[in-house]
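Presented below is the structure to which this report refers.
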Amino acid sequence: MQANEITEQIIGAAIEVHRVLGPGLLESAYEECLCHELRLRGMSFERQRHLPVEYKGMTLDCSYRIDLLVGNTIVVEIKAVSDIEPIHEAQLLTYLRLGGWKTGLLINFNVPVLKNGIRRRVL
């Protein structure tokens, strides 16, 4: 599956979760439900994937974790905040750079209409 097809599936799954639950819950609830929805769709993913930091030939275990890595291609960061801030987008771009991935989704479930809470970034 191509990156665009995978992101389309993720967004569809996220929209379904938001349609059922609506805004106002904790990030962990949306993550759990999105994982369930991805399973129902037959999508492969890793949850809370460890991300080491490489610095001048040294690997640092800083306990960074990616919310979801779908299809070993797309990084998904889940938020439940009033507004997506520049730091959230910087976090996603940094995860992409550190992990060597090209495409990421930042999904904020705390919005009335989910399409307004989705940011797709390509490194």
Between the Cα axis of helix 86-99 and the main Cα principal axis of the chain, the angle (0 to 90°, nearest 10) is 50
Assertion target for 111, 70, ordered by fewest C-beta neighbours within 10 angstrom first, is 111, 70
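Where nothing but the Cβ of Lys and Arg (+1) and of Asp and Glu (-1) is charged, how large is the charge dipole of the chain around its Cα centre, in debye to the nearest 20?
240
Express the Stokes-Einstein translational diffusion coefficient of the stretch 3-122 in µm² s⁻¹, to the nearest whole number, given a Kirkwood radius over alpha-carbon pairs, 10 °C and a viscosity of 1.306 mPa s.
110
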Per DSSP, the loop-located trypsin sites (Lys or Arg not before Pro) within the stretch 48-92 having at most 14 other beta carbons within 10 Å are 56
One would report the antiparallel percent of DSSP beta bridges in the chain, rounded to the nearest 5, as 75
Listed by chain and number, the lysines with an alpha carbon less than 25 angstrom from that of residue 56, same-chain partners under 8 positions apart left out, are 102
Highest GNM mean-square fluctuation among 51, 93, 69, for the chain with Cα springs under 10 Å, belongs to 51
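Each reported figure results from applying straightforward, stated rules to the coordinates on display, with no laboratory input. On a predicted model such as this, the values are computed, not experimentally measured, just so you know. FYI the Cβ positions are ideal-geometry reconstructions off the backbone, even for glycines, and counts take in every protein chain you see.
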